[in-house]
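Reading through the structure tokens given below for one structure.
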Amino acid sequence: MTLPRDYSGQSCALSRSMEIVGERWTLLIVRDAFHGVRRFGEFAAHLSVPRAVLTDRLATLTAAGVLERRPDTGRREVYVLTAKGVELWPAVRALSAWGDRFYPARGGPRRVYVHAADDAPVGEDGRCTACGDSVPVADLVVTPGPGVAPAGPGSDPVTAALARPHRLLTPLLPQPAHREVVER
């Protein structure tokens with residue numbers, strides 16, 4: 001029996017939220033968008049998600065106003081978190097911290113978040129451990145943690161890029177240069 005896609009008969013806010021972000025792969029797509037992944041191919045390569053599933057999840061997130069499709073070079077488009085999507089950061093961060101606590105990677109956390117202003121770690125509560133400020137997501141830098149495996153020669157570009165510190169919400173990979181067609 002196929003499970004229904006929605007939570008009909010449920011009326012709480014959590015069930016309505018789960019209709020948007022509760023499908024398998026969805027929160028990983030949102031996490032990658034926070035890390036600066038923007039293009040369909042980048043999501044597909046990094047997550048190893050079937051393309052049909054990725055298409056469906058991106059369409060759901062876009063229709064719900066969590067992601068926005070924007071034009072890129074040529075006929076390509078990029079996906080960018082909206083203000084509504086950025087508000088998911090506390091949930092994404094809390095689930096990551098919960099996973100680090102109860103299902104830790106060998107060696108420690110795979111990712112560590114630091115305050116861009118002073119390079120100090122940010123605690124699970126979202127506060128900088130040095131200055132005590134509550135750090136907005138745009139002021140966070142994701143750095144490789146002690147549990148991250150080194151990117152190998154066959155790693156996808158996103159995995160390789162995440163091996164270096166990177167400010168959240170900024171494009172992780174360089175945008176391809178726009179090639180002009182020269183008329184002769």
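The values are calculated or read from the model by the stated rules, or taken from the named source; none is laboratory data. Small disclaimer: the values here were computed from a predicted structure and weren't measured. Here Cβ is always computed from backbone atoms with ideal geometry, including for glycine, and neighbour counts include all displayed protein chains. For accessibility, only protein heavy atoms count, side chains too; no ligands or nucleic acids. Shrake-Rupley method; radii C 1.70, N 1.55, O 1.52, S 1.80 Å.
Filtered by the rule that a residue be among the hydrophobic types (A, V, I, L, M, F, W, C) and surrounded by 16 or more Cβ atoms within 10 Å (Cβ to Cβ), region 161-170 gives 161, 162, 168, 169. Does at least one position in region 37-52 carry a residue that is of a type in the set (Lys, Arg), closer than 20 Å to residue 154 by Cα and surrounded by 15 or more Cβ atoms within 10 Å (Cβ to Cβ)? Scanning region 37-52, I find at least one residue that is of a type in the set (Lys, Arg), closer than 20 Å to residue 154 by Cα and surrounded by 15 or more Cβ atoms within 10 Å (Cβ to Cβ), so the answer is yes. Here 69, 31 are screened, and the one residue that is touching a helix residue (DSSP H, G or I) at 6+ places or on another chain (Cβ under 7 Å), surrounded by fewer than 16 Cβ atoms within 10 Å (Cβ to Cβ), closer than 22 Å to residue 174 by Cα and not aliphatic (A, V, I, L, M) is 69. Looking at region 119-139, can you tell me whether even one residue there is of a type in the set (D, E, K, R), surrounded by fewer than 18 Cβ atoms within 10 Å (Cβ to Cβ) and under 30 Å from residue 55 (Cβ atoms)? The answer is no, given that none of the residues of region 119-139 is of a type in the set (D, E, K, R), surrounded by fewer than 18 Cβ atoms within 10 Å (Cβ to Cβ) and under 30 Å from residue 55 (Cβ atoms).
Return the total of residues in region 140-156 being open to solvent by 40 Å² or more (accessible area, probe 1.4 Å) and either in contact with a helix residue (DSSP H, G or I) (Cβ under 7 Å, 6 or more places away or on another chain) or aromatic (Phe, Trp, Tyr) (or both). Number of matching residues: 1.
The set of residues in region 53-65 being open to solvent by 10 Å² or more (accessible area, probe 1.4 Å) and of a type in the set (A, V, I, L, M) consists of 53, 59, 63, 64. Taking strands (runs of 3 or more DSSP E) as the structural unit, those lying wholly within region 30-148 and holding at least 3 residues that are modelled with pLDDT of 95 or more and over 20 Å from residue 166 (Cα atoms) correspond to 67-71. Could you list all residues from region 89-104 that are touching a residue at least 40 places away in the same chain (Cβ under 8 Å) and either of a type outside the set (A, V, I, L, M) or open to solvent by less than 40 Å² (accessible area, probe 1.4 Å) (or both)? Answer for region 89-104, where residues must be touching a residue at least 40 places away in the same chain (Cβ under 8 Å) and either of a type outside the set (A, V, I, L, M) or open to solvent by less than 40 Å² (accessible area, probe 1.4 Å) (or both): 89, 92, 96, 104.
Within region 108-127, the presence of a residue that is within 27 Å of residue 26 (Cβ to Cβ) and in contact (Cβ under 8 Å) with a residue 60 or more places away in the chain is excluded.
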